[in-house]
1. Could you tell me which residue of the stretch 60-78 is most open to solvent (accessible area, probe 1.4 Å), considering only residues that are closer than 15 Å to residue 93 by Cα and assigned to a loop (DSSP other than H, G, I, E, B)?
2. Tell me the residue from 32, 72 that is modelled with pLDDT of 60 or more, on the phi < 0 side of the Ramachandran plot and touching a helix residue (DSSP H, G or I) at 6+ places or on another chain (Cβ under 6 Å), please.
3. Quick check, is residue 141 part of a strand (DSSP E or B), surrounded by 18 or more Cβ atoms within 10 Å (Cβ to Cβ) and either at pLDDT 95 or above or not aliphatic (A, V, I, L, M) (or both)?
4. Using beta carbons and a limit of 7 Å, which pairs, at least six apart or on different chains, have the first residue in the stretch 26-51 and without any contact (Cβ under 8 Å) to a residue 12 or more places away in the chain and the second one open to solvent by less than 50 Å² (accessible area, probe 1.4 Å)?
5. For the stretch 102-138, enumerate the residues that are among the charged types (D, E, K, R) and either more than 13 Å from the chain's Cα centre (by Cα) or open to solvent by 80 Å² or more (accessible area, probe 1.4 Å) (or both).
6. Given the conditions (1) open to solvent by less than 50 Å² (accessible area, probe 1.4 Å); (2) under 30 Å from residue 55 (Cα atoms); (3) not in a strand (DSSP E or B), and given that residue 96 satisfies all but one, which numbered condition is not satisfied?
7. So residue 184 fits all but one of (1) part of a loop (DSSP other than H, G, I, E, B); (2) within 23 Å of residue 98 (Cβ to Cβ); what number is the exception?
8. What residue, among those in the stretch 165-203 that are touching a strand residue (DSSP E or B) at 6+ places or on another chain (Cβ under 6 Å) and farther than 30 Å from residue 44 by Cα, is least open to solvent (accessible area, probe 1.4 Å)?
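The values are calculated or read from the model by the stated rules, or taken from the named source; none is laboratory data. Everything quoted here is computed from the prediction, not taken from an experiment. Positions of Cβ are backbone-derived with ideal geometry, glycine not excepted, and every protein chain shown enters the neighbour counts. Side chains included, ligands, DNA and RNA excluded: accessible areas come from the protein's heavy atoms. Shrake-Rupley method; radii C 1.70, N 1.55, O 1.52, S 1.80 Å.
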Amino acid sequence: MANQILLLTTVLAMTCSLVVAFEPSPLQDFCVADATSSGLVNGLPCLDSKLATAEHFFFSGLHIPGNTSNPVGGKVTPVNVAQIPGLNTLGISLARIDYAPMGVIPPHTHPRATEILTVLEGSLDVGFVTSNPDNKLISKVLNKGDAFVFPVGLVHYQKNVGTGMAISLSSLSSQNPGVNTIANAVFGSNPAIPEDVLAKSFQVDKSVIRDLQAKF
């Protein structure tokens, strides 16, 4: 009996540890993010619900084209908990993405969210890469009205392959999905990753690494 109780306790402890690793369901109607609070929680503290207004659940601007005059020719307009405090704890967000001709959204990951992208205008080449050891590229050319899913945490990209501007709208399964652009993380970290580590990892000369780091 003692062994059975010990086993049950162990299983329950493991189950609890698994449960708390995921974002829990809201325990109230909403939890408007209180950016002025000094509290430290996994997410953002709640504003007193009596102080909530429509403005806490509102964003205006998705109709405005993003400025694609940058080196990659792409611009993301995020709509997450930073823009709509009422999204706090609700596990959802949006992003409008504009692409100049041949513009790209460079390879990146969202550490906390799966993304579903819908093309509103133009044509996009999109794809994601599976994890080691296969590293398989799964890609497709999308046209207006098409949708594509990027699984959580996997490296993915978008490229405008049409002759004009392109627009897409993404929904993400977190109010704070995060973004980690691969090139910026590897070559633009602060402090910098040592040159010899990157040179050996990419099997190139250190001068190549220095040139890449200078760009980020």
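1. Restricting to residues being closer than 15 Å to residue 93 by Cα and assigned to a loop (DSSP other than H, G, I, E, B), the top hit is 60.
2. Criteria check complete, one pass: 32.
3. Numbers: part of a strand (DSSP E or B): yes; surrounded by 18 or more Cβ atoms within 10 Å (Cβ to Cβ): no; either at pLDDT 95 or above or not aliphatic (A, V, I, L, M) (or both): yes.
Taking the combined requirement at face value, the residue does not satisfy it.
4. Hits for this filter: 37/45; 39/45.
5. The answer is 112, 121, 125, 134, 136.
6. (3)
7. It is condition (1) that residue 184 fails.
8. 166
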